[in-house]
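Remarks on the structure that follows.
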Amino acid sequence: MIKAIIKGIINHLPGQSSFEGTGGSTTSARYCYSVWLRHLTILHELKLNTQPNVVVEFGPGNSIGIGLAALFSCSKKYCALDVVDRCNCERNLQIFDEIINLFLNREDIPNDDEFPKMAPRLKSYKFPSHILTEERLNNCFNKKRISSIRDNLLSPSQMRQEVSLIRYVCPWNNAQSLDSESIDMIFSQAVLEHVENLEDTYEVMFRLLKKGGIMSHQISFNSHGVSDLWNGQWSYSDFVWKLIKSNKPYLINREPLSTHIDLLKKCGFKTVFVLPETDTKGINRGRLAKRFKFISDEDLITSCAHVISLKE
């Protein structure tokens, strides 16, 4: 047990990554491109809206590259909500240019060979020309529109304004500045496992979404390095977890898939799609800490899941 505590603390010293197992980083244009097109492809398969006018991303991380990919798919506005201000003009401009080239070249979606840990996984990684038609892309990439997006990136102060094409709100609980029922789509990639108060977060999302609005979340249930086993976080007692977590506010919340599904229903959402990935090479039920004895057999082997919900 002492070994586990030391491992957990070392793996989360300042500067260490707390996003193990997410499959990549938003400092990579190809990662951002792949994430957005995977979300978009699944929405199309479910016959849901693939051209939301206003999109919000929870936890964009080190760039707003995924949001740029949404804008290049003809969304009209993008808003990033984060807890730590990582807005970097130079990095965003670099990714801006790289993602444009990926779209203009109709590059296939970077697949499991390039990002073996990334989810959701798709049946096909061909460029989704059935979604992003030539007509749609021509509208997205007219010179005036691209110039407007670039101008927004050049002015971080402008990104704090309500009327901006691109908004960056930090800390995210300042989201009260966003109008209720003003958002068409909310998405996140490997973020909600780090949110401590999930119920409050889902309530905010419900307030922001329009009726008929979509939420698309990829959620990881990985131990993020605090254990040698992917689900080892569920073997720690509250006391041991407190020692591992120390004063780090955004480690992981240790909530399983069923908690998210239950809270979504409680907050008023209708969950229409759940795509889990399972891994049986973790701890067994006999090693669960007392507070996690309730975990179902399905929860125990679910390492991540893509969850899509609607506000009816």
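The values are calculated or read from the model by the stated rules, or taken from the named source; none is laboratory data. Keep in mind that what you see is a predicted model, and the values were worked out from it rather than measured. Positions of Cβ are generated from backbone atoms using ideal geometry, with glycine treated the same way; all protein chains shown enter the neighbour counts.
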Scan the range 95-117 for residues that are closer than 19 Å to LEU165 by Cβ and out of contact with any Gly (no Cβ under 7 Å at 6 or more places or on another chain) and jot them down. PHE96, ASP97, ILE100, PHE103
Out of curiosity, is ASN222 more than 20 Å from VAL272 (Cβ to Cβ), touching a Leu at 6+ places or on another chain (Cβ under 8 Å) and touching a residue at least 60 places away in the same chain (Cβ under 8 Å)? no
Under the condition of being touching a residue at least 40 places away in the same chain (Cβ under 8 Å) and under 28 Å from the mean Cα position of the chain (by Cα), which residue from the range 276-288 is nearest to LEU122 (Cα to Cα)? GLU277
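Kindly provide the set of residues from the range 173-197 that are within 14 Å of the chain's Cα centre (by Cα) and on the phi < 0 side of the Ramachandran plot, ordered by number.
Quick first cut of the range 173-197, residues within 14 Å of the chain's Cα centre (by Cα) only: 185-195.
Scanning the range 173-197 gives MET185, ILE186, PHE187, SER188, GLN189, VAL191, LEU192, GLU193, HIS194, VAL195.
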Restricting attention to the range 126-147, report how many residues are within 21 Å of PHE96 (Cβ to Cβ), part of a loop (DSSP other than H, G, I, E, B) and polar (S, T, N, Q). 1
Look through the range 223-260, keep the residues that are of a type in the set (D, E, K, R), assigned to a loop (DSSP other than H, G, I, E, B) and in contact with a helix residue (DSSP H, G or I) (Cβ under 8 Å, 6 or more places away or on another chain), and return whichever of them is surrounded by the fewest Cβ atoms within 10 Å (Cβ to Cβ). ASP228
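Are any of the residues in the range 90-97 within 24 Å of SER220 (Cβ to Cβ), touching a residue at least 60 places away in the same chain (Cβ under 8 Å) and of a type in the set (D, E, K, R)?
Residues of the range 90-97 within 24 Å of SER220 (Cβ to Cβ): 91, 95.
From the residues that got through so far, the ones that are touching a residue at least 60 places away in the same chain (Cβ under 8 Å) too are 91, 95.
Filter once more, so that each one left must be of a type in the set (D, E, K, R): 91.
For the range 90-97, residues within 24 Å of SER220 (Cβ to Cβ), touching a residue at least 60 places away in the same chain (Cβ under 8 Å) and of a type in the set (D, E, K, R): present.
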Just name the residue that is modelled with the lowest pLDDT out of those in the range 148-168 that are farther than 14 Å from GLY65 by Cα and assigned to a helix (DSSP H, G or I). ARG160
Return the pairs, sorted by first residue and then second, in which the second residue is at pLDDT below 95, the first residue lies in the range 128-141 and is crowded, with 16+ Cβ neighbours inside 10 Å, the beta carbons are less than 7 Å apart, and the residues are 6+ apart or on different chains. CYS140/CYS74
Filtering the range 59-93 down to residues that are surrounded by fewer than 21 Cβ atoms within 10 Å (Cβ to Cβ) and assigned to a helix (DSSP H, G or I) yields CYS89, GLU90, ARG91, LEU93
In this structure, does TYR250 turn out to be modelled with pLDDT under 95, within 17 Å of the chain's Cα centre (by Cα) and among the aromatic types (Phe, Trp, Tyr)? yes
Can you name the residue in the range 262-304 that is of a type in the set (Lys, Arg) and part of a loop (DSSP other than H, G, I, E, B) and, of all such residues, is modelled with the highest pLDDT? LYS281
Can you confirm whether the range 178-186 contains a residue that is touching an Asp or Glu at 6+ places or on another chain (Cβ under 7 Å), part of a loop (DSSP other than H, G, I, E, B) and either surrounded by 20 or more Cβ atoms within 10 Å (Cβ to Cβ) or of a type in the set (Gly, Ala, Ser) (or both)? no
